[in-house]
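First the structure, in the form of structure tokens, and then the observations on it.
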Amino acid sequence: MTASPISVTEEISLIEVMKVLDTNNLSHLLVNDSKGNLSGIISKHDILERIKILNRESSGVEYSALSMNSIVAKDVMTDFVLSVNESDSVEYAVELLLQGKFHCLPVINGPKAVGIITPYDLLKGYYQENG
């Protein structure tokens with residue numbers, strides 16, 4: 001698990017979300033509401049899908065850029081997020097990842113995200129245990 005994952009607020013612009021993803025070399029970002037509680041997750045794939053829609057709806061790069069500044073994380077994020085609790089087993093996390101075909105799972109303690117788990121984390125843990 002990656003503890004204290006980087007997150008953004010629901011009201012951050014899509015342009016800023018892209019900058020955070022690129023600057024930190026991430027594929028996913030957790031999205032928090034105004035109280036700091038987990039409210040969703042946004043991925044590079046989500047953003048690409050929105051860009052495709054914008055490109056179909058517009059005829060110019062300038063219009064698309066202006067539109068992207070007006071779109072916020074809440075507009076693009078997945079808001080029904082399956083997660084695991086800190087106390088859940090690794091096996092349970094693996095089961096959720098495989099069944100849902102997810103690329104990551106937030107790890108929560110109450111309404112707050114305290115980590116994120118990815119297949120990379122699982123492989124790294126397996127390798128450390130089994131060398």
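Taken together, the values in this text are just the output of simple stated rules run on the coordinates, not laboratory data. The structure displayed is predicted, hence computed values, not measured ones. Cβ atoms come from the backbone with ideal geometry, glycine included; neighbour counts cover every protein chain shown.
Points worth noting:
- Spans of helices (runs of 4 or more DSSP H) in the stretch 15-131 with at least 1 residues free of Cβ contacts under 8 Å to residues at least 60 places away in the same chain and in contact with a Pro (Cβ under 7 Å, 6 or more places away or on another chain): 90-100
- Being of a type in the set (Gly, Ala, Ser), under 18 Å from ASP75 (Cα atoms) and surrounded by fewer than 19 Cβ atoms within 10 Å (Cβ to Cβ) is true of SER34.
- SER89 closer than 22 Å to THR2 by Cβ and surrounded by 17 or more Cβ atoms within 10 Å (Cβ to Cβ): no
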